[in-house]
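Bear in mind that the values in this text are calculations on the coordinates, not laboratory data. For clarity, every value in this text was computed on a predicted model and none was experimentally measured. Note that we place each Cβ from the backbone using ideal geometry, even for glycine, and neighbour counts take in every protein chain shown.
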Amino acid sequence: MQFWSGTLFMKTSEILPVARMLDEAGYDGMVCADHLIYPRNLASPYPDHPSGRPPWPPETAWPDCWVQIGAMAAVTSRLRFSNAVYIAPARPLLEVAKQVATAAVLSGDRVSLAVGVGWMREEYEQLGQDFATRGKRLNEMIPALRAMWAGGWVSWSGEHYQVPEMMIEPHPEAPVPILCGGESDAALRRAARLCDGWVGYAYGWDEAASYARRLTELRREYGRDGEPFDIMLALMEPPTPDLYKRAEEIGVTAVMCSPWWGEADTSGTDVERYREPIERFAENIIEKVRT
């Protein structure tokens, strides 16, 4: 079982010192969340809240994922990095390919890419990408990215992307794992058919087990049940070693956790307030799960 921590709603200036603490304490990785803007006139309904409005205030910081990952990689030695999730189809194919490849090379292959289609039409419009075709374009973008990362002369000819023969360097020395986020049937099928794993949100036990079971069924349907596959999610249950061992048994390979949740005063100014809960969780949970 892998243990990953998020950076969501953390003060941007605290991300690097917390990354060093997690690296030293034996955690496996950190995930970055992605939004570009918060429009004053936000018309897109937020799907995960009954009001249709995002639960965070407009001034919430959303650091750029790849700048953040590059900075975290520079101050750590073993921690891995990914997304929960990156709205890749809101960006041009070659831009995504270049950013991820550069981060993979500079980090020493400690990067994976977790993609999703997102919900905010306004972000797509400001970036000049079509919102209506985002799912179809992501389905094509996933194999196209792998082609762009192959090294040497590369090209792609598809329905949504046309890339003439070119070199795009640096290219990753090892394959970059691509995971998919989202809970819709289309997203789960995309993960099972095209990706190396799936990233979820926070669930109670029964809901988490249901998603793990559904992904197993879909991978069997696509003839991929014998291939390695990651399932990353957060569990809304009291953290115990037994909980995470049970999760591993149903196919969950990584859990997202915030050891300081409810303990570290996020309004404080001393970043050292994160250290004690990080180390206590590592000692009481991670070490016992791995022994």
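As an exercise, take the mean of 1/r over every pair of distinct alpha carbons in the range 10-101, invert it, and state the Kirkwood radius in angstroms. Working shown, then result.
Numbers: mean 1/r = 0.0668 Å⁻¹.
Computed over Cα pairs of the range 10-101, the Kirkwood hydrodynamic radius comes out at 15.0 Å.
Given a Förster radius of 35 Å and the C-beta distance between Glu95 and Arg214 as r, what FRET efficiency does 1/(1 + (r/R0)^6) yield to the nearest 0.05? It would help to have the intermediate numbers written out before the result.
Working: r = 32 Å, r/R0 = 0.92.
The computed FRET efficiency comes out at 0.60.
From the phi of every residue in the range 112-126, what ³J(HN,Hα) in whole Hz does the Karplus formula 6.51 cos²θ - 1.76 cosθ + 1.60 yield, where θ is phi - 60° and glycine or proline is x?
10, 10, 10, 10, x, 8, x, 9, 9, 4, 4, 5, 4, 5, 5
Sorted by mean Cβ packing within 10 Å, highest first, what order do the peptides 80-87, 183-190 take? Can you show the working numbers first?
Numbers: 80-87: 24.9, 183-190: 16.8.
Top to bottom by mean Cβ count within 10 Å: 80-87, 183-190.
Can you give the helix-only mean residue ellipticity at 222 nm for the chain, where every DSSP H stretch with n ≥ 4 adds -39500 (n - 2.57) and the sum goes over all residues, rounded to the nearest 500 deg cm²/dmol?
Working: 9 runs with 101 residues, N = 291.
About -10500 deg cm²/dmol.
Considering the convex hull of the alpha carbon atoms of the range 54-99, report its projected area averaged over all viewing directions, in nm², one decimal.
Numbers: hull surface 18.1 nm².
Averaged projected area of the range 54-99's Cα convex hull equals 4.5 nm².
Name the long-range amide H neighbours of Leu179: under 5 Å, sequence gap of 5 or more, or other chain; modelled H, no Pro or chain starts.
Amide H neighbours of Leu179: Leu113, Ala114, Val115, Asp196.
How far, in degrees from 0 to 90, does helix 205-221 lean away from the longest principal axis of the Cα atoms of the chain, to the nearest 10?
Roughly 30 degrees, rounded to the nearest 10.
Under the rule of at least 5 residues apart or a separate chain, name every residue whose amide H is placed under 5 Å from the amide H of Cys32.
Here the answer is Ser82, Asn83, Ala84, since their amide H atoms fall under 5 Å of that of Cys32.
What is the diffusion coefficient of the range 74-162 in µm²/s, taking the Kirkwood radius over Cα pairs and the Stokes-Einstein relation at 4 °C with a viscosity of 1.567 mPa s?
Values: Rh = 14.0 Å.
Estimated via Stokes-Einstein, D reaches 93 µm²/s.
The chain: percent of C-alpha pairs farther apart than 24 Å?
53
Indicate, rounded to the nearest 5 percent, the antiparallel portion of the DSSP beta bridges found entirely in the chain. Provide the component values of the computation, followed by the final result.
On the way: 3 of 29 bridges.
About 10 percent, rounded to the nearest 5.
Under 29 Å Cα-Cα from Lys245, which lysines qualify once same-chain neighbours fewer than 8 residues away are excluded?
The qualifying lysines are Lys288.
Calculate one ³J(HN,Hα) per residue across the range 28-38 by plugging θ = phi - 60° into the Karplus curve 6.51 cos²θ - 1.76 cosθ + 1.60, and present them in order as whole Hz with x for glycine and proline.
8, x, 9, 10, 10, 9, 10, 8, 8, 9, 10
May I ask you to order 93-106, 232-245 by the average number of other C-beta atoms within 10 Å around their residues, highest value first?
Ranking, from highest mean packing down: 93-106, 232-245.
Quick one: Kirkwood hydrodynamic radius for the range 206-252, alpha-carbon pairs, angstrom, one decimal?
Working: mean 1/r = 0.0874 Å⁻¹.
It is 11.4 Å.
Per residue of the range 78-90, in order, report the coupling 6.51 cos²θ - 1.76 cosθ + 1.60 (Karplus, θ = phi - 60°) as ³J(HN,Hα) in whole Hz, putting x for Gly and Pro.
10, 4, 9, 9, 7, 10, 8, 10, 9, 7, 4, x, 7
If each Cα of the range 172-267 is one equal point scatterer, what is log10 of I(q)/I(0) from the Debye formula at q = 0.19, 0.20, 0.25 Å⁻¹?
Listed by q, the Debye log ratios stand at -0.89, -0.96, -1.30.
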